[in-house]
4 protein chains.
Amino acid sequence: MKVSVIGATGYTGAELVKILLGHPEVKLGSITSKSFAGKKISDVYPNLDTDLVCDEIDLDRISSESILVFVALPHSVSMEVVAKLYSRGKKVIDLSADFRITNPSVYEKWYETAHTQKELLKEAAYGLPEIYGDEIRKASLVANPGCYPTSVILALAPLLENELIEEEGIIIDAKSGVSGAGRKLTLNAHYPEINESLHPYAVEGHRHTPEMEQELSKMARKKINITFVPHLVPINRGIISTCYATLKASLKKADIFGFYKDSYDDAPFVQVLSPGEFPHIKDVIYSNRCRIGIAVDNSRRRIIVISSLDNLVKGASGQAVQNMNLMLGLDEKTGLG
Amino acid sequence: MKVSVIGATGYTGAELVKILLGHPEVKLGSITSKSFAGKKISDVYPNLDTDLVCDEIDLDRISSESILVFVALPHSVSMEVVAKLYSRGKKVIDLSADFRITNPSVYEKWYETAHTQKELLKEAAYGLPEIYGDEIRKASLVANPGCYPTSVILALAPLLENELIEEEGIIIDAKSGVSGAGRKLTLNAHYPEINESLHPYAVEGHRHTPEMEQELSKMARKKINITFVPHLVPINRGIISTCYATLKASLKKADIFGFYKDSYDDAPFVQVLSPGEFPHIKDVIYSNRCRIGIAVDNSRRRIIVISSLDNLVKGASGQAVQNMNLMLGLDEKTGLG
Amino acid sequence: MKVSVIGATGYTGAELVKILLGHPEVKLGSITSKSFAGKKISDVYPNLDTDLVCDEIDLDRISSESILVFVALPHSVSMEVVAKLYSRGKKVIDLSADFRITNPSVYEKWYETAHTQKELLKEAAYGLPEIYGDEIRKASLVANPGCYPTSVILALAPLLENELIEEEGIIIDAKSGVSGAGRKLTLNAHYPEINESLHPYAVEGHRHTPEMEQELSKMARKKINITFVPHLVPINRGIISTCYATLKASLKKADIFGFYKDSYDDAPFVQVLSPGEFPHIKDVIYSNRCRIGIAVDNSRRRIIVISSLDNLVKGASGQAVQNMNLMLGLDEKTGLG
Amino acid sequence: MKVSVIGATGYTGAELVKILLGHPEVKLGSITSKSFAGKKISDVYPNLDTDLVCDEIDLDRISSESILVFVALPHSVSMEVVAKLYSRGKKVIDLSADFRITNPSVYEKWYETAHTQKELLKEAAYGLPEIYGDEIRKASLVANPGCYPTSVILALAPLLENELIEEEGIIIDAKSGVSGAGRKLTLNAHYPEINESLHPYAVEGHRHTPEMEQELSKMARKKINITFVPHLVPINRGIISTCYATLKASLKKADIFGFYKDSYDDAPFVQVLSPGEFPHIKDVIYSNRCRIGIAVDNSRRRIIVISSLDNLVKGASGQAVQNMNLMLGLDEKTGLG
């Protein structure tokens, strides 16, 4: 089985290539790159031990040789390519934001661009396997979630699905490594500006907020509004999302942990920590796991759920491969050691 | 005017020595260190350009030569020393937690040790000059605040004093550099365990919480309970406290900024940022400044106040020198560049 | 095939466990830890996705269930354990320094301890597969090289074996990440002392120097003395060794690169870079590869060879698994993706 | 006394502004910035506590109000501006490379641009106060040295001036923080490319080499060629230069240290460490000091001299202020606490 990666030389694309090179059940067909076409990807990312050469995008060739295609292009550039691959009957996993938001006018507002593939939006499964495994298995098009949404939805799903918390007043204070901002040069990733610092950003509105609200609302079967403040941390990889919510009623700690265990018992990549334990970023980077710690203060009906993952793996490319495994009928864990 | 530093070779003590070496109006008398008595402090901290030698603690000598003494000893060790200096008529600034909590039983619960100087507690001014300048000027004993409390109280004071926010539901998500944990060896400051990571700690209760609740309650003239979650960040210095609260009523942004300007107009070390601007740690380290950014979302009555400071300067030793300046009748900014 | 790890909770031992968990041809039998016996290793290293529990050392049990045993104990502690396993007929890979130095009096001088297993020294193959592959395949006891020696020997071997450089005046300026110093608490790995700094250490003599001189002398068939200065870099993993030597005669660049290609053509983990390219640590960490760049200045007969590797992988545990593969008749690359 | 800074918003310019703001004897006149003209410099560098606004370059105004002007422009841009200021009778300190190399054809080769102010080259004093204090005091134009050259010349001067080492075979392995590369965006300062890495660069020729060779040759009164390999280290500030040379004859350690003490006895910013001590970058950053450690191995006539400094302070802006102090007849240390 051959799969291809369109947009292989961003951080997300390169991570995807790395994971797929070690995958025992699929082979890499084409990898494409606008900036580095004709070059070996190992010249751009010498940590990749392969002789694969980056191609220009040639959808005919890619379609003929691939059973499934990953599209890791910037948002708004992605949608056209996805549509063409879809129309040729290919399975597609889109790592951009283009098919995550089901309401195109919400997308258009936050991403400040027209959505040209609105009819395709309803075909897209939201690629969070712990929640939508069945849809993903049957889907031809999967919208791979954002890194922050993955960490937040996994943290809050058991609470919302079981109606344990108030819909109002959910606060998420998130912290992310710098690779999340991509390989494009910007003062916000210029070493001396970032190192030995830390700062909040997009305080008054981050693009991942509507994506999170959409998914959390589906779970709650009610409109959920959240307060979301991300912070940039001087590390390469990893996210910690510290989520604060209000319990509807006092609940025994053991019961709350029980809901989490029930939700994630057969989720091989989600680890619910024991009471009193909380995640460290170092324990999840370079893995597809999401680790979740929970604190409960019944005196104030406060619950704090803290989740951690690697933004490039479970927050992007590892999750994409997990989705691929489901779409191809493979074991979910294949190649994600 | 000579001043002395008891406990000069912890990170806080050494920062104090550094600031005092550059202070134009006072001279350093004794500096003491249990671990390094007899050694030049520049052998322990080669960044300090001085020939000063660390002494054993000799309270007679220290008292006779010093107009004011800084005590930078661990909590519970500090209180006895402070009491002896106080009884000899010296002005004292205590950088430990021993005189910050006015209710000794709260202290004893959180610090798990008996308070042996209860009568002295009521003599201590809480050393936050922006709030208690007048008391500090007249005090003989100043309890220098904790680093997190300084960042949080300065962030929330204008809101609570002006009764703009609900007393319930205040959440503080704080991020601190590693120097805050001190020079004592621990796995939690072992380089490979911390670098490229980030983690929450003391999620279910941090010692600075009662200190913050005490001060915030005084301002609000009501009992304030907060949710406080600190995180350890792989940087040497600096704190960002991201504070979430609920407005009692919709308020024009300009009015809110006006309250902050009023509160801090004559506070030389507090900088209220313009709307849309938020602090970066790099902008405050190695300075005594606290920078504060504010976001308002009236649609949900949500206000977010984000403050930043250097935990070793405005969060400890710089603030102690600011207090000293007030106690000695000097300009508040002297020696604090 | 089952293999065991004695000393599994140091950084080297834990890396070994991580690699072996993903190895397709062997299973982990016992893992032992003095400090954490009875605990799951994932409680100590949560990045390890396993339920394995650390045992006390029980050589009978370990011998009966294991075909090969890795010993990752501190030097001088290791030798007795190795001898007992060897006498029970087990294949052993020792990651300590105890069997690297063939002359026991040199060992005793540099490691300041008696060598109690001198007769076993001559049984030990020096575990650098690129040089001693044949011996390693047949050996029952392999002394896994130090991290610095691996980087330096691989850098200089083609020059010395082909008699291209002077024996005098070889200088090695090495830079290493902090994990090389281990998990034991020390001020030299205390975060605020190391972060944003860099310093030379052991300038007047490092224990890896006699190991390097022994091996380089063997290659040169002459006594080689080197100047070796290591530096501690604020990163977790990785070594760059910058080696300076004097060419015996002017040589065409292409010829020099040719010697390197010849030496390493069938070495899957050594990558000789093209002229003008030099290694970055980021390109080798988390891999078993050693990347080598070469600069030649014939006008001064100067050659500079710069090698890089991950001190925990090719410099320790990855190399140990590479040795295991050879000793068990497996493909050298198995499990080292 | 008013001084001005042309090019105030690069890292070097901003550091200069910071130091001058705290200088007790001079006032800042104009500060200029092409990119940020009309903006407060504290909007670009919020760590600067000033209301100063960046101007366009207006040489008439700058000349009329300033006794001395710092020019912190890129090389080749600088020379014209310097010439104009010089011709108006202003004292000038140039922080670019334009007046450091006395031989214009060497300059033109390494900097790949024509030198248009050749006649002015002979007026320029090389601004290393520890060596050229007398010239600097009398000079109207000072060429402020590069950061690497400052660290290397201070390390080797006592050896060359006293003819203690061979002229052949000097090797300098240098390590620098990222601020040395400036504020211009480049992949080589993009956070995820640099963090947790380290790499050599300009291995086959760095622009600072001819500057070092020029100065070292003057001291030795013979042509000195060096091998110089710089490395980029993931820290903001600081340089360690590890210099290897061959002693002409065996020399008592004490004598060698004596030569260093003699050379630097009245140099307030150079600290020669005791035998067995070597510098850490953390001990010099944010200061104007250069710390030097020395190791001698008489058995091989090898001497290793390791120097450290802050590339933005003693390696650039602090040294520029030290030069200014001399040119204005002030105490060398003024404002450089």
**OP:** Starting from a label point 7 Å past Cα on the Cβ side, list the distances from residue C:186 to the same position in the other copies, nm, shortest first.
**Re:** 2.2, 3.5, 4.1
Subject >> Whichever aspartates and glutamates have a C-alpha closer than 16 Å to that of residue C:314, once near sequence neighbours (fewer than 8 apart) are set aside >> reply: A:49, C:15, C:94, C:130, C:283, C:332
Subject >> Helix-only mean residue ellipticity at 222 nm for chain C, each DSSP H run of n ≥ 4 adding -39500 (n - 2.57), per residue, nearest 500 >> reply: -9000 deg cm²/dmol
**OP:** Would you kindly work out, in nm and rounded to one decimal, the distances from the label point of residue A:134 to those of the same position in each other copy, ordered shortest first, with label points 7 Å along Cα-to-Cβ?
**Re:** 6.5, 6.9, 9.2
**OP:** State the dimensionless ratio Rg/Rh of chain C (Rg: radius of gyration of Cα atoms; Rh: Kirkwood radius).
**Re:** 0.96
Original post:
What is the antiparallel percent of DSSP beta bridges lying wholly in the protein assembly as shown, to the nearest 5?
Top reply: 45
Subject >> Per-pair calculated FRET efficiency, R0 = 51 Å: residue D:248 and residue B:65 via Cβ, rounded to 0.05 >> reply: 0.45
Subject >> Rg [Å, one decimal], Dmax [Å, integer] - segment C:1-109, C-alpha atoms >> reply: 13.8, 43
**OP:** For a footprinting-style exposure proxy, rank B:122, A:34 by other Cβ within 10 Å, fewest first.
**Re:** B:122, A:34
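Report, to one decimal in Å, the Kirkwood hydrodynamic radius for segment C:212-300 based on all distinct Cα pairs.
Across segment C:212-300, the inverse of the average 1/r is 15.2 Å.
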Subject >> Cα centroid separation, segment A:277-299 to segment D:244-267 (Å) >> reply: 56
**OP:** Provide A:176, A:140 in ascending order of the number of other Cβ atoms located within 10 Å of each residue's Cβ, fewest first.
**Re:** A:140, A:176
Original post:
Averaged over C:232-239, how many beta carbons belonging to a partner chain fall within 10 Å of each residue's beta carbon?
Top reply: 6
Original post:
Of all DSSP beta bridges in chain B, what percent run antiparallel (nearest 5)?
Top reply: 45
**OP:** Check the axis relating chain B to chain C and name the residue of B whose C-beta is nearest, distance in whole Å.
**Re:** B:185, 2
Original post:
When N is the residue count of segment C:113-166, what does its C-alpha Rg come to as a fraction of 2.2 N^0.38 Å?
Top reply: 1.34
Original post:
What's the average, rounded to a whole number, of partner chain beta-carbon atoms within 10 Å of each residue's beta-carbon in C:203-212?
Top reply: 2
Original post:
segment A:315-329 to segment C:1-59: how many Å between their Cα centroids?
Top reply: 29
Original post:
Nm distances between the label at residue D:56 and the same-position labels in the remaining copies, 7 Å along Cα→Cβ, shortest first?
Top reply: 4.5, 7.1, 8.4
**OP:** Could you work out the mean count of beta carbons from other protein chains within 10 Å of each residue's beta carbon in D:170-183?
**Re:** 4
Subject >> Part-to-part distance (alpha-carbon centres) for segment D:79-158 and segment A:149-207, which is given in Å >> reply: 49
Original post:
Which whole-Hz ³J(HN,Hα) couplings does segment D:270-284 yield from phi under the Karplus relation 6.51 cos²θ - 1.76 cosθ + 1.60, θ = phi - 60°, glycine and proline marked x?
Top reply: 9, 10, 8, 7, 5, x, x, 9, 9, x, 10, 4, 4, 7, 10
Original post:
Sorted by mean Cβ packing within 10 Å, highest first, what order do the peptides A:325-336, A:309-320, B:56-67 take?
Top reply: A:309-320, A:325-336, B:56-67
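Based on the alpha-carbon set only, what is the convex hull volume of segment C:179-223 divided per residue, in Å³?
Working: hull volume 4.8 nm³, N = 45.
Cα convex hull per residue, to the nearest whole number: 107 Å³.
Past the 25 Å Cα-Cα mark, which pairs from C:34/C:184; A:175/C:40; D:34/D:122; D:40/D:184; B:122/B:218? Provide the component values of the computation, followed by the final result.
On the way: C:34/C:184 13 Å; A:175/C:40 29 Å; D:34/D:122 29 Å; D:40/D:184 20 Å; B:122/B:218 15 Å.
Exceeds cut-off: A:175/C:40; D:34/D:122.
If you wrap segment C:148-311's Cα atoms in a convex hull and average its projection over all directions, what's the area in nm²?
The directionally averaged projection comes out at 9.8 nm².
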**OP:** With the Cα gyration tensor of segment A:79-179 in hand, give its eigenvalues times 5 under a square root as the equivalent ellipsoid semi-axes, listed largest first in whole angstrom.
**Re:** 26, 17, 13
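Normalised by the empirical 2.2 N^0.38 Å for globular proteins, what value does the Cα Rg of the protein assembly as shown take?
Numbers: Rg = 31.9 Å, N = 1348, 2.2 N^0.38 = 34.0 Å.
Dividing the Cα Rg of the protein assembly as shown by 2.2 N^0.38 Å gives 0.94.
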**OP:** Pick out which of C:288, C:323, C:162 has the largest mean-square fluctuation in a Gaussian network model of chain C, springs linking Cα atoms closer than 10 Å.
**Re:** C:162
Subject >> DSSP bridge orientation in segment C:148-311 - percent antiparallel, rounded to nearest 5 >> reply: 70
**OP:** Taking each pair of different alpha-carbon atoms in segment A:83-139 once, compute 1/r for the pair, average those values, and report the inverse of that mean as the Kirkwood hydrodynamic radius in Å to one decimal.
**Re:** 12.2
Original post:
Going by how many other Cβ atoms sit within 10 Å of their own, how do D:115, B:231 line up, fewest first?
Top reply: D:115, B:231
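Read-outs throughout are calculated quantities, based only on the coordinates presented, and are distinct from any laboratory measurement. Since we're looking at a predicted model, the values are computed, not measured. Cβ sites come from the backbone with ideal geometry, for glycine too, and all protein chains shown count toward neighbours.
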